[in-house]
Amino acid sequence: MTQPIFAWYKVAGLLFGVSTPFPEQMDRILPSYVPFRQATPAAPEQRLFTLTTVPPATLEHVEVTQLLAEDRNDLGRWKLGRTADGFCVDLQYIEGHPWHRLVADRSFQTIQAGIRWEDICGSEVLNSFTMMAFAQSAVFYRTALVHSSVTMKDGIGYAFLGTSGTGKSTHSQQWLKYIEDTELLNDDNPAVRIHPDGRILVHGTPWSGKTPCYKNKEARLGAFVLLKQAPHNQFSFLKGIQAYMVLLASCSSLKWNTEAYNALGKTIELLANQVPIGFLENLPNEAAARLCYQHVKQ
């Protein structure tokens, strides 16, 4: 049997490998990952996970012992199930298209993905599976993918939180327009990591939603800000359990994976105690951006 050839990537200082039957085409299959490419690592280097694509028939025998959840969202239509050794995710990216399957161990370190490459959405499915693998395995390294839009100014990152449609991207654009020397780091799924030396950094990732912003950069995390549309601009800070719940709702997690969910909870507790968390009721205008900046820069 031919050994898989991995393309290696490093996000938030965490290394992972992805293999497909087309190793020479990886930059075309996963174009947003190109800024994060790494040389093949030496054997002793810590690896977050490996994701190996296999013929779909290879995974058809995997038995789902319990259906945990199913839904339809930006990823498409998906089903999450428990297996004897871990988890299984079945994904249909577009209605009427083929189903694809991911099978992972409990810690999402060793992953197989049955991608049906005849589907024109095969690359998007692989990207979704890889993002999911990163989100679930990175929590064991005090790292979380946070659904947010992040701007940077003077080496400090500010993460704007909120459910879809609350204006995260719009607020970032107001910063870019009105707050001098501001840069967009990521517009959908940055990684926040508490590093071993205690630094709390927000990192760019290959996952930035509809905005092509794939930067292999990082900044010290200055604040989280929860956004809410309102007929006025008003800023306050959140504390305690309220701050914790805001962060938990914004992080990618599988609550059915007890070990990972507990690890994420500990990271969020540390973040809630060490990083200011603001609440901005706002209009989509210059005044809102300036009000927010005046509070969080302090």
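The values are calculated or read from the model by the stated rules, or taken from the named source; none is laboratory data. Not measured: the values here are computed from a predicted model. With ideal geometry, Cβ positions are generated from the backbone for all residues, glycine too; neighbour counts draw on all protein chains shown.
Residues Ala138, Ala219: which one is touching a residue at least 24 places away in the same chain (Cβ under 8 Å), surrounded by 20 or more Cβ atoms within 10 Å (Cβ to Cβ) and in a helix (DSSP H, G or I)? Break it down into steps so the answer makes sense when it comes.
Numbers: Ala219 fails: in a helix (DSSP H, G or I).
Residue meeting the stated conditions: Ala138.
Go through segment 142-164 and give me each residue that's touching a helix residue (DSSP H, G or I) at 6+ places or on another chain (Cβ under 9 Å) and not β-branched (Val, Ile, Thr).
Passing the criteria: Arg142, Ala144, Leu145, His147, Ser148, Ser149, Lys153, Tyr158, Ala159, Phe160, Leu161, Gly162.
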Response to the item:
Note: among Ala223, Ala219, just one is under 21 Å from Ala287 (Cβ atoms), modelled with pLDDT of 95 or more and of a type outside the set (Ser, Thr, Tyr), namely Ala223
Discussion item. Which condition from (1) surrounded by fewer than 18 Cβ atoms within 10 Å (Cβ to Cβ); (2) assigned to a strand (DSSP E or B) is the one that Ile111 breaks?
Written reply: (1)
Item to complete: Return the total of residues in segment 52-80 being in contact with a Gly (Cβ under 7 Å, 6 or more places away or on another chain) and in a strand (DSSP E or B).
Response: 4
Worksheet, complete the sentence: The number of residues in segment 222-267 that are surrounded by 19 or more Cβ atoms within 10 Å (Cβ to Cβ), assigned to a strand (DSSP E or B) and in contact (Cβ under 8 Å) with a residue 60 or more places away in the chain is 7
Worksheet entry | Residue in segment 19-56 that is nearest to Ser107 (Cα to Cα), counting only those that are in contact (Cβ under 8 Å) with a residue 24 or more places away in the chain and aliphatic (A, V, I, L, M) | Leu48
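In this structure, does Ser172 turn out to be under 15 Å from the mean Cα position of the chain (by Cα) and more than 22 Å from Glu269 (Cβ to Cβ)?
On the way: under 15 Å from the mean Cα position of the chain (by Cα): no; more than 22 Å from Glu269 (Cβ to Cβ): yes.
When the stated conditions are applied, Ser172 does not pass them.
Could you pull out every one of the strands (runs of 3 or more DSSP E) wholly within segment 148-207 that has 2 or more residues that are at pLDDT below 95? Can you show your working first?
Numbers: elements: 148-153, 156-161, 183-186, 191-194, 200-203.
In segment 148-207, there are no strands (runs of 3 or more DSSP E) which contain 2 or more residues that are at pLDDT below 95.
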